[in-house]
Amino acid sequence: MLIASSFATAQTPNAVKTANAANTVVKPTATSNPATAAGVLAPDIGRIKQRGELVIAMLATDTPPFFYEKNGELVGLEVDLAKSIAQALNVEVRFNREAKSFNEVVDLVVQRRADLGISKLSRTLTRAQMVHFSQPYLTLNHSLVINRVAFARLASNMRIEDAIRQYSGSLGVISRSSFADFAKSNFSKAKVTEYPNWIEVLRAVNTGEVMAAYRDEFEIKRLLKETPSAALTLRTVTLKDLEDTLGIAVGVNDPTLLAFVNQVLSQKRDKLDIQKVLNALETNP
């Protein structure tokens, strides 16, 4: 496991309709497929065209700069991505934000209550048994934020690399998230505790309830950027050989839609990376 340890980090085309719990159920249209000059559309594309809108499942909790409400409008990097796909289909976009967890975003696609899931979704083996995933549009390394004092006792005279490889301490993760799954496979000796949200995970690390928190490098860097004083009590470790690839969830019965989404992603000139995401956080807090 290759790691990098640090103590601080320096560092509109379509109308958007936000669905709430009262109007989130989206059923496929049962009418016949529309035809174009080039011929009859594939059933999955025809369904969306006939409805006139692309329905996107997105987590209810705002996650800047990926998706968040600003002045009453849903904005962010992934909101823009959803709009670009809808624009390519020449339909409007509507966001279903019923999901209270990342896994529930996938569930909405499985239940056909949304056409796509775009919500900082990690492409995991568990989720890949329920939906198809697009090619990655952002790749992040895995990362840990560790309580300094507690970890020093555990590591003793061990090298940091060895202490992380053999980590057997307590580890906090978000419940029903990709990192709850990753923790089981990558830190099999750790005592994993799940919390309802990231704020609770960080609270547990700060109070010593758990020794470390596990998530992607962006969230760890954002923590130290927004709270520089955290570096006094916490240290970070980036796992250079573990990658979190973010993709778009597509229903298993929508092969043409999957191919279409991949084509849109392939043709995008401005590819996302960690630095662009951090820059977006600075310009759109």
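The values are calculated or read from the model by the stated rules, or taken from the named source; none is laboratory data. Only a predicted model underlies this, so the values are computations on that prediction, with no experimental measurement involved. Virtual Cβ from ideal backbone geometry, glycine too; neighbours counted across all protein chains shown.
Under the condition of being assigned to a loop (DSSP other than H, G, I, E, B) and of a type in the set (Phe, Trp, Tyr), which residue from segment 153-205 is nearest to the chain's Cα centre (by Cα)?
PHE187
Yes or no, residue by residue, for (1) modelled with pLDDT of 95 or more; (2) under 22 Å from PRO64 (Cα atoms):
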{"position": "VAL149", "(1), (2)": "no, no"}
{"position": "ARG159", "(1), (2)": "no, no"}
{"position": "ALA163", "(1), (2)": "no, no"}
{"position": "PHE179", "(1), (2)": "yes, yes"}
{"position": "ALA183", "(1), (2)": "yes, no"}
{"position": "MET211", "(1), (2)": "yes, no"}
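Here are some residues: THR236, THR227, THR245. Which one is farther than 30 Å from ARG112 by Cα and touching a Ser or Thr at 6+ places or on another chain (Cβ under 6 Å)?
One residue alone meets the criteria, THR236.
Given the conditions (1) outside the structural domain of SER122 (by TED's automatic domain parsing); (2) of a type in the set (A, V, I, L, M); (3) under 30 Å from PRO43 (Cα atoms), which single one is not true for VAL264?
(1)
From the set of residues in segment 251-285 that are part of a loop (DSSP other than H, G, I, E, B) and of a type in the set (D, E, K, R), which is surrounded by the most Cβ atoms within 10 Å (Cβ to Cβ)?
Going through the qualifying residues, I end up with ASP254.
Restricting to segment 226-250, name every residue that is farther than 20 Å from ILE160 by Cα, assigned to a helix (DSSP H, G or I) and among the small types (Gly, Ala, Ser).
SER229
Anything in segment 65-77 that is assigned to a loop (DSSP other than H, G, I, E, B) and surrounded by fewer than 17 Cβ atoms within 10 Å (Cβ to Cβ)? List them, or say none.
Correct list: ASN71, GLY72.
Quick one: which of GLU73, GLU69, GLU98, GLU78 is over 24 Å from PHE218 (Cβ atoms) and of a type in the set (Asp, Glu)?
Exactly one of GLU73, GLU69, GLU98, GLU78 is over 24 Å from PHE218 (Cβ atoms) and of a type in the set (Asp, Glu), namely GLU98.
Please give the number of the condition LYS191 fails out of (1) at pLDDT below 95; (2) surrounded by fewer than 18 Cβ atoms within 10 Å (Cβ to Cβ).
The number of the failed condition is (1).
Can you find a residue in segment 103-123 that is within 23 Å of PHE179 (Cβ to Cβ), among the β-branched types (Val, Ile, Thr) and surrounded by fewer than 20 Cβ atoms within 10 Å (Cβ to Cβ)?
The answer is yes; a qualifying residue exists.
Please go through segment 202-224 and pick out each residue that is in contact with a helix residue (DSSP H, G or I) (Cβ under 7 Å, 6 or more places away or on another chain) and of a type in the set (Val, Ile, Thr).
Hit for segment 202-224 is VAL210, nothing else.
I'd like to verify a number: residues in segment 218-234 that are crowded, with 22+ Cβ neighbours inside 10 Å and of a type in the set (D, E, K, R), how many?
Total satisfying the criteria: 1.
Quick one: is ALA82 of a type in the set (A, V, I, L, M) and crowded, with 17+ Cβ neighbours inside 10 Å?
yes
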